[in-house]
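So the structure is just underneath, and the comments pick up after that.
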Amino acid sequence: MEIKPWKLNKAARCAHCKDATIHSIIIDRYKMKIKCRDCGFTRFYNFHVVNIPKRR
Ligand SMILES: [Zn+2]
């Protein structure tokens, strides 16, 4: 089964060009990519997938 990544847009202050720009946010099952639309500066985040124990 194919799981499509989520694609979001958010206005935020870019850490690179220091402008308030639109950032593309792509969220996959294991990673997240945030890219500034203005300068192309991109950040990656990885998720650690863990099993959450059930409450007793
Ligand atoms: Zn930027």
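Here, each number is a calculation from the coordinates, and none is a lab measurement. Please read all numbers here as calculations on a predicted model, not as lab measurements. Backbone-built Cβ (ideal geometry, glycine too); neighbour counts: all protein chains shown.
Quick notes on this structure:
- Of all the residues in region 1-27, those that are touching a residue at least 24 places away in the same chain (Cβ under 8 Å) and surrounded by fewer than 10 Cβ atoms within 10 Å (Cβ to Cβ) number 1.
- Count of residues meeting criterion [more than 16 Å from the ligand (Cβ to nearest atom) and surrounded by 13 or more Cβ atoms within 10 Å (Cβ to Cβ)] in region 28-44: 2
- Listed by position, the strands (runs of 3 or more DSSP E) contained in the chain that have at least 1 residues being of a type in the set (F, W, Y) and on the phi > 0 side of the Ramachandran plot form an empty set.
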